[in-house]
Every structure is written in C-alpha cells, then in structure tokens.
Number of protein chains: 2
Amino acid sequence: MNFGINLSFAVKRWPEPAIWARFVRETLKLDRIQFTYDLLDPWSPDAMRRSMAAEVRKAARDWSITIESAFSGLANYCYDGLLHPDPEARRISMEWWKRAVELAAEVGAEASGGPVGAMSVADSGNPARREQLYRNLLDSVAELSRVAAEAGLKRFLVECTPLAREIPYTVAQARKFISDLSGQCQIPVLLLVDVGHALYQPLYGPKANMKEWLTGLGHSIGAFHLQNTDFQSDSHWGWPDSRGLFDVAAFSREVRGAGLEEVPAHLELIYPFELDDDTVRKSIESSVLHCRRTYCGESLS
Amino acid sequence: MNFGINLSFAVKRWPEPAIWARFVRETLKLDRIQFTYDLLDPWSPDAMRRSMAAEVRKAARDWSITIESAFSGLANYCYDGLLHPDPEARRISMEWWKRAVELAAEVGAEASGGPVGAMSVADSGNPARREQLYRNLLDSVAELSRVAAEAGLKRFLVECTPLAREIPYTVAQARKFISDLSGQCQIPVLLLVDVGHALYQPLYGPKANMKEWLTGLGHSIGAFHLQNTDFQSDSHWGWPDSRGLFDVAAFSREVRGAGLEEVPAHLELIYPFELDDDTVRKSIESSVLHCRRTYCGESLS
C-alpha cells in the first residue's frame, strides 16, 4: 500500500521544514507526504515564496522524503474559487492556481491539486448558470493542466467534496467530469477521493459506501485522503477517537480488491487550532500507527 | 447597544454583495456589519481587488449598511502570520496586512484587524525567541498603524485568541501589549475580544469570566465577537443550539455595567462548509433574533 501524510497536522504548530521533516521520518516513520498550501500561501510574492519553497525542498531531500503532491488546505477552501459567481473572482482564483502549480514544482512535488470551487446558493439553484459555470470550470482545469505540464508536473488532482454546490460531488458527476475533460488536458487530471467526504450521510444517505466510489471511478482516482469520521461531518479526526466510526482495515481490503493499492493515500488530520499541542502530537502518532497497522498491514508492537 | 454581524455567515454560500446586503437589511434587520477577508482575499491582484471592493462598497451604500471594520477570517488564521519563525514568512504577512488595510479602506470600512500571529511550538518554548518575536510584533503593528492611517482608517483591531502561542491571549498580556504600543502608533490600536475565546476553559480554567476581561481591558476594547459556545472549543455556534451555554443577556448586563455599550459587537457564526444551506439560513436568522432580544433588549414577537 502507498501510505503517506498530508502536512495539515503541522499547520501553525510545526511550520519549520526541518522540524516537520524530522518528525515525519523519525517519529512517524513515513517517507512520503502531501504538502499543504496552508504552510506556504501561493500568493506570497515570488522571491519570498521561492526562498521558502527551497527550504521545503531541502528538508524533504535531507530526510529522504518524497513530496507526492502539493495540495489546497483550509485557507483556499474558504473561497468559492473557480466557481465563484463573479468572473473577476474566478480570474483571481486562476491566478492563485497558476502560482500554486509553480509552487508545487518548486517544492519538488509531482502533482498539485485540491477542491476547485463552490457555486453560490443563488447560482446553484439556477440550471442555466450551473451549466455555464460547469463548462467554464472544464476550460479552467484544462488550462491549468497546461500550466502544470509547463511547470513539469505529472498530474493534476481534483478533490471530490461533500457539497452539492461544488464539482464534482457524486460518483456520476465525477465520471462525467473526467470524461468531459478527455482529450483537453496536457497531463492527466485525476480525482482525489476523501473517505470522509465520500461517506457523508446527510448528503449521500445511510447506504453510502466506499465500494461504489472505488468501482465507479477506478483508475480515475489519483489519490485518497484518509480520516476518521462519524459520517455526519467532514470530521478529519484521528485514531483513537470515541466519536469516529471509519474502518480503515475494511477500506484497505476494498482498495486492494479494486486494484488501487498503488494510489497514494494521505492521512489528513485537522485539529482545532486551540487544541493543546501535546494532545495533538499524541493523536498524530497514534493515528499513523493505526493506519500503518490497518491500512498497510504492518505488524507493529 | 451597538450590534452587527460579521459576514462569516455568507462565506461560500452568499458571496454576492447585493445578496448578503439585502439579507442583512431586509431579513436580519441590521444596519452594521464587519466585512471578512474570507469573502475577498487581500492578495487578489490590485485591479481585480478594487473592482470587487467597489461592488462591496456599492452594496453597503445601496442598503444603507455601515461597514464598521474589515477583519481576518479563517483563511488568514491558517497561517502563523506576524509571529512565524521565518523572517521571510513574517515579511509575507506584513505584505498581506498592508493589502488588507488598503482593502478595508476600499470597501469603506473605518477599521481593519484580526488575530495577528502564532508562534511555532518550538519558538513558544524558547523564552528568548518569545521575547524577540514579541518585540518584532510590536514594531509590525506600529508600522501597520501608520499604513492604516495613510489609508484613512480610524483604528486597528488586534484579536485576543485562546492559544498560549498567540499574542495576546490573556488579560494581563493584552494590557501589556497595549501599554507597550503606547506612543508608537499613528491611529488607536484596540483589542477585539471574542467571548468564546475569552471563556475557553481548557486554557483559562472553569472560573474564566467576562467581567475580568471587561474590567481588565476597559476602553482598550475596540470590538466584540459574539458566539455561542460550550466553553470547551472555539465553537462559533448560533442560537438555539443544544450544545451551547453562553448567556447573552448576562453578557449584555456586564457590557453595560462596564460602560462599553457603544463598543461594536459582531455576531460571528461559523458553520461547517458541508452543512446544508437551509439549516444555516435558519440558524443565522434565529441567532440574530436571539441577540437582538437578549443583547440589545429589543422586544420582538
């Protein structure tokens, strides 16, 4: 199995590349990560961004860590992005993404990506606007694939999210999205499936299951996010957590059954900013151990 | 009482200025707001930012809404900002804040502000680094007060947060912060006190109470954030909420007792992105009604 961790765990607490890199390798015993733009905003003026990106790249090299991809975090997810009702705001988001793609290359990642946009409530209720914004999004992602190819990236990842105002949010919509992009992109555009998004019951109902996502999307899946969840929120909890219900071992069997064991799976933990640092550190460590045992099948004492 | 709402409620759902402005005035029956940078990122390239800021200003004018201040939201709070361990990152944050201050003026706000930074775990545990970063922060805020004065703003607001790695986080530290800035700033630098931050028991203990904050900080308080909370998290819930314990009527009496009834108090509601829009809309409406009754003392049917 291909298991790594998203650096969301380091945000605000351990932002120093030399510190998170050492923690990933020595404490968590992992050698692959997903970088998060919550640690370095792609908007940062070029010279400063490049200098900080070089530190990230160096730390990863010093500790023999592969940065599989650089990914949107909470900060960029606060905006409507490429589906904003205002064309100016969509242009702003394109500019952000072009910088994000460059930054991914600068830190030495092979891929970039994230959730790409949300419609306003007003637009979402208007079928003609939905269609227009969808077409626009296809063009934007195709253009980003060209920018990413120029920057030297190998793939672009679009995250499926549990909101009907976002694209893509269902198996059927994700299939159509990938199919509509076919032949338009300069590098492969693949999907990132977050298990906590895919199983969010208030939207998908109590029968939501990972098998449908895995068999429905197959090799269009370019990466996974792992999290513990109660299926009633986009929880991003770790293990153990008395509220959490996600069965990692069962998911591991399903991934192997679908022949997707080589797809990178990143644990994405998001703690309240105010939670004390020791509690967070212990939760990160126990969560990684849990996933190494149950997702990767390692026998650990 | 001086009661308004932070536009956090509109983020991603109702980003169109004409829509949130009408909702604020017609549905919520409020005439003052705090704009959030989660609706328009200060990093946005100048021409696009100015065009979008003009729409905000126009909507506020069309609906006779006063924009008291423009304030940091979740996106900027994801970064360590002016207390980041890397001097490059602190320069990046200063650049963000200069743009934020300009944007505040562009939307027609009188003030700007937000939480200003977080130390890394490593720096926070090192007394010499803490002191150095604190001195540095004082200089940065003093410089921002000059930028804000040039932009035509009347005050700069620094938010107190419930993290010992951030500044300021206690009554004593906030008093010292304001006192250390005395004579250094070109416009008043005041504190924003969020009731859910101030009463966070895991940090401040079970005896935390608003009276201490109000009498300790007095007229150094430039604004409040209201939220419902269980005192165990930075909750930002509304009313009614079966988990919430915050007594708005008691707070209203304390604010009047401290002679601070003219200080702007903004309701700051933060819902999970994935929560359905109708539930959110109802919660916003009932929360505003609750605060108008219990904070402002309006008799509403």
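Can you give the relative contact order of the range B:30-100 as a percent, counting alpha carbon pairs under 8 Å and 6+ residues apart?
41
What accessible area, summed over both chains, is buried at the A-B interface (1.4 Å probe, Å², nearest 100)?
That pair of chains buries around 4200 Å² in total.
When ligands, DNA and RNA are left out and all protein chains stay put, how many square angstrom of accessible area per residue does the protein assembly as shown have with a 1.4 Å probe?
Using a 1.4 Å probe on heavy atoms only, each residue of the protein assembly as shown averages 37 Å².
Compute the relative contact order of the range B:221-262 as a whole-number percentage, counting only Cα pairs closer than 8 Å that sit 6 or more residues apart in sequence.
Answer for the range B:221-262 is 28 percent.
Using a 10 Å cut-off around each Cβ of peptide B:81-88, what is the average number of partner chain Cβ atoms that fall inside?
4
For a test of the definition: using alpha carbon positions, the gyration tensor, and the 1.5 limit on a/c, classify chain A as rounded, prolate or oblate.
Oblate shape, in that a/c is at least 1.5 and b/c is the bigger or equal ratio.
At a cut-off of 20 Å², which residues of the range B:14-30 become less accessible once all protein chains are present than in their chain alone, using a 1.4 Å probe?
Going by heavy-atom accessible area, the residues of the range B:14-30 that drop by at least 20 Å² are B:Pro15, B:Glu16.
For chain A, what is the relative contact order in percent, using Cα pairs closer than 8 Å and at least 6 residues apart in sequence?
18
For B:Leu30, B:Leu74, give the ranking by accessible area with the largest first, probe 1.4 Å.
B:Leu74, B:Leu30
Using a cut-off of 26 Å between alpha-carbon atoms, which lysines can reach A:Lys176, once sequence neighbours fewer than 8 places away in the same chain are excluded?
In chain and number order, the partners are A:Lys98, A:Lys154, A:Lys207, A:Lys211, B:Lys12.
Give the long-range amide H neighbours of A:Thr66: residues separated by 5 or more places, or on another chain, with amide H under 5 Å away, using H modelled in the peptide plane at 1.01 Å from N.
A:Arg32, A:Ile33
So, with +1 on the Cβ of K and R and -1 on the Cβ of D and E, and no other charges, what is the size of the charge dipole of the protein assembly as shown about its Cα centre, to the nearest 20 debye?
Roughly 20 debye for the protein assembly as shown.
If you roll a 1.4 Å probe over chain A with all protein chains in place, what percent of the accessible area is carbon or sulfur?
49
Which of the residues in the range B:264-281 show a loss of at least 30 Å² in accessible area from their chain by itself to the complete set of protein chains, at a probe of 1.4 Å?
For the range B:264-281, once contacts with the other chains are taken into account, B:Phe273, B:Glu274, B:Asp277 lose 30 Å² or more.
For the range B:22-27, take each phi angle, set θ = phi - 60°, evaluate the Karplus expression 6.51 cos²θ - 1.76 cosθ + 1.60, and give the result in whole Hz per residue in order, putting x for glycine and proline.
Karplus values, whole Hz, x for Gly and Pro: 5, 4, 4, 7, 7, 8.
Residues of the range A:232-249 that become at least 20 Å² less accessible with every protein chain present than in their own chain isolated, using 1.4 Å: which are they?
A:Asp234
In peptide B:38-46, how many Cβ atoms from other protein chains are near each Cβ within 10 Å, on average?
Per residue, the average neighbour count from other chains is 5.
Mind checking the mean number of beta-carbon atoms from other chains within 10 Å of the Cβ atoms in A:119-128?
Neighbouring Cβ atoms belonging to other protein chains average 3 per residue here.
Amide H of B:His266: which non-local residues (sequence gap of 5 or more, or other chain) have their own amide H closer than 5 Å, using H built in the peptide plane?
B:Gly4, B:Phe224, B:His225, B:Leu226
The values are calculated or read from the model by the stated rules, or taken from the named source; none is laboratory data. In this text the structure is predicted, and so the values were computed from the model without any measurement. We place every Cβ from the backbone using ideal geometry, glycine too, and count neighbours over all the protein chains shown. Heads up: the accessible areas ignore ligands, DNA and RNA and are worked out on the full protein's heavy atoms, side chains in. Shrake-Rupley method; radii C 1.70, N 1.55, O 1.52, S 1.80 Å.
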